Amino acid sequence: MNRLYMILLSAIALSCASPEKPITNPDDYSQYLNTSGENEKIKLAEEELTFWSDKFSESPNQYAYLSKMAAANNLLFDITGDIKYLNNARQNLQMAVDKTGESSAPLYRALAKTYITHHQFREANDCLIKADSLGEGHEATQKMLFDVKMELGEYDEAKRLLKSFQSEDDFHYLIRYSKWLDYQGNTEAAVAQLELAKAKAELMKNEGLRLWIYSNLGDFYGHIGKIEKSYEHYLKTLEIDPHYHYALKGIAWINFSHEKNTAEASRILAALEQAHPVPDYLLLRSEIADFNGDIEQKEDLEKTFIQLASNPAYGDMYNAYLVSLMETNPAKALELAHREVINRPTPQSYQLLASAYLLNDQKEKALNVAEKEVLEKTYEPKSLLAVAEIYAANGKTAKVAELKKELMNAAYELGPVVVRRVNQF
Amino acid sequence: MKKSMKFLAVAALAAVGFGIIAADHIDAPAVQGTTADITDYYAFQGENTSNLVFVANVQGLLSPSATGSASFDENVMVEFNIDNTGDNVEDLVIQAIPRDGKMYFFGPVAPGTPGATSMVQENATNTVSVDITPYGSNAITASNNGMMAFAGPRDDPFFFDFGKFTDILAGNATGFDANGTDTFAGSNVMSVVIEVPKSSLGGSGTLNTWVEAKKK
Amino acid sequence: MKKLIRNILGLALLATMGLTSCDKDDNMMNPVDNGPDFSGTYMTADQMGRPAINTVFVPSGMKDNFNVTPPSQMGAMYASAFADGLRALSPAYANPGDANALGLDADTFGSVLATDILTVSTTGTTTFYDGTNVLTGRNLADDVITVELLLIFGGEDFSENPGLTDDNVNANDKAFDTSFPYLASPW
């Protein structure tokens, strides 16, 4: 019954979703999909890890080597997506912190960074507070604390920190000011700050910062509907680093969301899954299957995602996405949503909690959380879509209509499957 | 009625799909680079005893495999400071700054203003520039105005059992080992070396010197 | 209507500050000539005189400032912290009147170390310490750590705390060159 309904919906959606004029051209990026060639970066990072690990085995009290091992492990995690490297990096740094008598602020910052990557923001916060009390590298600590406070929903403190290191000449300030503006819902202004940061990174000729800023601009141009610029910046990223999977993922999204070219999006994702086997790509593949009306495949992919992302090595990294896939297990969805609110009490996490209440037939509770903790606290289209669903369940049709208008402006970011649902309102 | 509500709930949850990952921005890049970290500073009489040699090393603990991709940061100036009047305020500086594979040296020359803020002294009469030696090549040197210059990767000349010292400071050891471990053995640094005539440095026998890494 | 979603089309708030600094950047980037561009202001990020002083003596909370303080101001700012550091670190300064082999007590030695400069002779031997000459420079091969350990832990005649006065790493792992650029080739 349910499936029939879904197929019916898909048919309606397909008939009214005419593909946009294509922006992407496979000739621009197909060279980056060839995974047969060995990734030189992996080889170098492995050599680096072996070099310092061997030295550390020979002299297990040379703690400086632990930082080098952690750096190599972090790099290997970035390149391969294999979570064991991230856990190893954290262990290296924890050991270094312990062995040096908890006296090094830079070590605490490095440890905090692995916690941030692992979405363990409370642990990261603890490390940064220790780094701050030690003192060295005060401004670096303040900047990282800003990042963590934004994830912990402590926006007043984040704002205070942002002011404390304000400097329009500083790349690291500009990208954080941009994040703040985006949080406030002012995405155009956020992009303007990223553009200033881009100029700094180019002036500095800093490859790492250029990769970061180009790929983030790829995302943000997408958020404001400038798809061509988004595409152009993903390509700029790949020109510097042909293995930069994040940019290829962005190009897959353009193919799917903008051009409705599911075959091409799938081709890119298949290459990505080979080169960088992380669970994330399964979610986009399941969305594509959903769009194509292949509900069986959609559900299979979701199951695989749940299985892989539930690997204890990931910790709470994928909780937000797991909550979203627990429709057959409402109790588990609620449990995970509660955990996510504790780990990361942001409006987005409260939205997951509200949605989980709705799934558990507690529509009044859902409405209460949505109105108190989500609405006007976040401007993320995804979160507002959930609020619209909750209004609909509570029979508040006028509010739904109001949100629907705005959601349609974010069609590209939401993607065609979600837009189909918005159209149902 | 109940069913449709349930469907809506499912939709609300499932809506949080890939899109959010696409919008979930990558962690911010590392806030502190290490390109301006001075690992060591040396000043000694040259092979030609009329000259003094200044050495600054940056970016310590480079493994051989990491050395090939290590480079000088174009936003970082290495500035040797020379006080020849005994007040610990620099009277002369030698500035080293990389551009497009070359290291440019300006000075010894009077600094525009002494202290933490500097401009490049482009009008200095003492100048020399040298190609930065690539990893794996023989040392490339250059000379001009009686000065000699080098920039590129070298073996880290520093030796110290830093691990045991850390143990002692942390209260985990009471003394050094009979045979210490050189923490820096087998590792490289990025070196800047400049040799200048003593006569260009002034003073009457003793100079106070130090090196700074200055960032744009 | 209340703004609920991100301000996708609202250009009104496009940060004026952002535009201003963008203009400034454009001016700065005017091409002047064909040579490399050396313009701009450079600020101290790190500095060093004697080896390992910052690592050993400067408390974490003072490192940021120490790294950017001009040496002429260091003595006044850090002498007492260095003297306290010496007393906390080394039993060789535990009793009144204790001094090192240079005859300097904790306060005097702390004051000397706090001004982190390297003195260099232009007329004679350059060495960190060779048994005769003290602090007339620093050669690549000088065992500077052992010299510092002796002055910190060794007491009046280098005989105190023998386990702490030599790290027993006495030379580099590669031989140095007698000619420019003197440092050994990389591994």
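When the residues of the range A:284-303 are narrowed to those that are assigned to a helix (DSSP H, G or I) and touching a residue at least 40 places away in the same chain (Cβ under 8 Å), which ends up surrounded by the fewest Cβ atoms within 10 Å (Cβ to Cβ)? So the residue we want is A:Ile295.
C:Asn161 fulfils the conditions (1) touching a Gly at 6+ places or on another chain (Cβ under 8 Å); (2) without any contact (Cβ under 8 Å) to a residue 60 or more places away in the chain; (3) not basic (Lys, Arg) except for a single criterion, (2). Scanning the range C:161-175 for residues that are within 7 Å of chain B (Cβ to nearest Cβ) and more than 30 Å from C:Pro91 (Cβ to Cβ) yields C:Asn172, C:Asp173, C:Lys174.
Quick check on B:Asp100: is it modelled with pLDDT under 95 and either within 7 Å of another protein chain (Cβ to nearest Cβ) or surrounded by 24 or more Cβ atoms within 10 Å (Cβ to Cβ) (or both)?
Details: modelled with pLDDT under 95: yes; either within 7 Å of another protein chain (Cβ to nearest Cβ) or surrounded by 24 or more Cβ atoms within 10 Å (Cβ to Cβ) (or both): yes.
Yes.
A:Tyr183 meets the stated requirement of being of a type outside the set (S, T, N, Q) and crowded, with 19+ Cβ neighbours inside 10 Å.
Of the residues in the range C:148-170, none is of a type in the set (A, V, I, L, M), surrounded by fewer than 22 Cβ atoms within 10 Å (Cβ to Cβ), at pLDDT 95 or above and within 13 Å of B:Phe159 (Cα to Cα). The residue that is nearest to the other protein chains (Cβ to nearest Cβ), among those in the range A:73-104 that are farther than 23 Å from C:Ser60 by Cβ, of a type in the set (S, T, N, Q) and buried (at least 22 other Cβ atoms within 10 Å of the Cβ), is A:Asn74. Kindly indicate whether any position in the range B:146-159 is over 19 Å from the mean Cα position of the chain (by Cα) and either part of a helix (DSSP H, G or I) or at the interface with another protein chain (Cβ under 7 Å from one of its Cβ atoms) (or both). Yes, the range B:146-159 contains at least one residue that is over 19 Å from the mean Cα position of the chain (by Cα) and either part of a helix (DSSP H, G or I) or at the interface with another protein chain (Cβ under 7 Å from one of its Cβ atoms) (or both).
Could you tell me whether the range C:62-78 includes any residue that is among the hydrophobic types (A, V, I, L, M, F, W, C), at pLDDT below 95, within 24 Å of B:Asp167 (Cβ to Cβ) and under 18 Å from the mean Cα position of the chain (by Cα)? Within the range C:62-78, one or more residues are among the hydrophobic types (A, V, I, L, M, F, W, C), at pLDDT below 95, within 24 Å of B:Asp167 (Cβ to Cβ) and under 18 Å from the mean Cα position of the chain (by Cα). If only residues of the range C:63-77 that are more than 7 Å from every other protein chain (Cβ to nearest Cβ) and buried (at least 17 other Cβ atoms within 10 Å of the Cβ) are counted, the one that is farthest from C:Leu151 (Cα to Cα) is C:Thr69. A single entry from A:Ile254, A:Ile306 fulfils the requirement of being assigned to a helix (DSSP H, G or I) and free of Cβ contacts under 8 Å to residues at least 24 places away in the same chain: A:Ile306.
Is it the case, given these coordinates, that C:Ala81 is within 28 Å of B:Thr174 (Cβ to Cβ) and in a loop (DSSP other than H, G, I, E, B)? So C:Ala81 does not fit the description; no. Screening B:Glu212 against (1) among the acidic types (Asp, Glu); (2) within 30 Å of C:Asn168 (Cβ to Cβ); (3) crowded, with 18+ Cβ neighbours inside 10 Å leaves a single unmet condition, (2). Criterion applied to A:Lys163, A:Lys149 was being more than 12 Å from every other protein chain (Cβ to nearest Cβ), more than 16 Å from B:Gln32 (Cβ to Cβ), under 19 Å from the mean Cα position of the chain (by Cα) and without any contact (Cβ under 8 Å) to a residue 60 or more places away in the chain, and the one residue passing it is A:Lys149.
Tell me which residues, restricted to the range A:47-72, are of a type in the set (Asp, Glu), surrounded by fewer than 19 Cβ atoms within 10 Å (Cβ to Cβ) and at the interface with another protein chain (Cβ under 9 Å from one of its Cβ atoms). If you could, list the steps in order and put the result at the bottom.
Kept after step one, since they are of a type in the set (Asp, Glu), are these residues of the range A:47-72: A:47-48, A:54, A:58.
Now narrow it down to the ones that are surrounded by fewer than 19 Cβ atoms within 10 Å (Cβ to Cβ): A:47, A:54, A:58.
Matches in the range A:47-72: A:Glu47, A:Glu58.
Residues in the range B:57-83 that are over 22 Å from C:Tyr182 (Cα atoms), facing another protein chain (nearest Cβ under 7 Å) and of a type outside the set (A, V, I, L, M, F, W, C): 3 in all. Put simply, of B:Ser118, B:Ser129, B:Ser65, B:Ser143 the only residue that is more than 28 Å from C:Ile53 (Cβ to Cβ) and at pLDDT below 95 is B:Ser65. Of all the listed residues (B:Asn172, B:Asn179), the sole one being more than 8 Å from chain C (Cβ to nearest Cβ), farther than 15 Å from B:Asn51 by Cβ and surrounded by fewer than 24 Cβ atoms within 10 Å (Cβ to Cβ) is B:Asn172. Selection of the range C:101-127 for residues being without any contact (Cβ under 8 Å) to a residue 24 or more places away in the chain, farther than 20 Å from B:Gly86 by Cβ and either hydrophobic (A, V, I, L, M, F, W, C) or facing another protein chain (nearest Cβ under 7 Å) (or both) yields only C:Ala106. Might you check whether a residue that is under 30 Å from A:Leu33 (Cβ atoms), hydrophobic (A, V, I, L, M, F, W, C) and either within 14 Å of chain C (Cβ to nearest Cβ) or in a helix (DSSP H, G or I) (or both) occurs anywhere in the range A:168-178? Within the range A:168-178 (the criterion being under 30 Å from A:Leu33 (Cβ atoms), hydrophobic (A, V, I, L, M, F, W, C) and either within 14 Å of chain C (Cβ to nearest Cβ) or in a helix (DSSP H, G or I) (or both)), the answer is yes, since at least one residue qualifies. Being within 10 Å of chain B (Cβ to nearest Cβ), acidic (Asp, Glu) and touching a Ser or Thr at 6+ places or on another chain (Cβ under 8 Å) holds for only one residue in A:Glu380, A:Glu389, and it is A:Glu389.
The values are calculated or read from the model by the stated rules, or taken from the named source; none is laboratory data. Just so you know, these numbers come straight off a predicted model, no measurement behind them. As a convention, Cβ positions derive from the backbone with ideal geometry for all residues, glycine included, and neighbour counts pool all protein chains shown.
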